[in-house]
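Peer 1: First the structure, which I've put down as structure tokens, then a few questions once you've had a look.
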Amino acid sequence: MKIAVYTICKNESAFVDRWVDSMSEADGIYVLDTGSEDDTVEKLKNRGVVVDTAKIVPWRFDTARNMSLELVPEDVDVCVSMVVGSRSASPLS
């Protein structure tokens, strides 16, 4: 069985290593970055995460989440959406 984790993120560089480490049992990690201005994308790619970028205007969470799901290959059996970061306010934008 193949398990994939997917999510969206923006400016989450401080949380990348801890987050990727916590997803270590997944067969694949897929992230849509929605406009980071820090080194989030570079850090994710260096950790082996499949990353795509998109600017979504006007902002729609559902559009971003659906676009991130499209990154997951069709042969995956289980998809799990996980949040990057741990801020008490919405960590994603």
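The values are calculated or read from the model by the stated rules, or taken from the named source; none is laboratory data. Since the model is a prediction, treat every value here as computed from it, not as a measurement. Cβ sites come from the backbone with ideal geometry, for glycine too, and all protein chains shown count toward neighbours. Side chains included, ligands, DNA and RNA excluded: accessible areas come from the protein's heavy atoms. Shrake-Rupley method; radii C 1.70, N 1.55, O 1.52, S 1.80 Å.
Peer 1: Could you calculate the FRET efficiency of Met1 with Glu37 from 1/(1 + (r/R0)^6), where r is the beta carbon distance between them and R0 is 35 Å, rounded to 0.05?
Peer 2: For R0 = 35 Å, the calculated efficiency reads 0.40.
Peer 1: If you average the sequence gap of Cα pairs under 8 Å that are 6 or more apart and divide by the length of the chain, what percent do you get for the contact order?
Peer 2: Over the chain, the number comes to 44 percent.
Peer 1: Can I ask one more? Once the dipole of the chain is set up with Lys and Arg at +1 and Asp and Glu at -1 on Cβ about the Cα centre, which of Thr63, Ala4, Val80 lies farthest towards its positive end?
Peer 2: Thr63
Peer 1: Could you pull the accessible area for Ser81 with a 1.4 Å probe, rounded to 10 Å²?
Peer 2: 40
Peer 1: Could you order peptides 1-12, 44-55 by the average number of other Cβ atoms within 10 Å of their residues, highest first?
Peer 2: 1-12, 44-55
Peer 1: When the dipole is taken about the Cα centre of region 1-76, and only Lys, Arg (+1) and Asp, Glu (-1) are charged at their Cβ, what size is it in debye, to the nearest 20?
Peer 2: Dipole about the Cα centre, nearest 20: 160 debye.
Peer 1: Now a separate question. Which of rounded, prolate or oblate describes the chain when judged by the alpha-carbon gyration tensor and an a/c cut-off of 1.5?
Peer 2: The shape class here is oblate.
Peer 1: Under a cut-off of 17 Å between alpha-carbon atoms, report the aspartates and glutamates in cross-link reach of Lys2, not counting same-chain residues fewer than 8 places apart.
Peer 2: The reachable aspartates and glutamates, counting only those whose Cα sits under 17 Å from Lys2, are Glu25, Asp27, Glu70, Glu74, Asp75, Asp77.
Peer 1: Could I have the simple spin-label model distance between Val83 and Val50, label points 7 Å from Cα toward Cβ, reported in nm to one decimal?
Peer 2: About 2.5 nm, to one decimal.
Peer 1: Can you list the lysines whose alpha carbon sits under 17 Å from that of Lys10, skipping same-chain ones fewer than 8 residues off?
Peer 2: Lys43, Lys45, Lys55
Peer 1: Name the long-range amide H neighbours of Thr53: under 5 Å, sequence gap of 5 or more, or other chain; modelled H, no Pro or chain starts.
Peer 2: Amide H neighbours of Thr53: Asp33.
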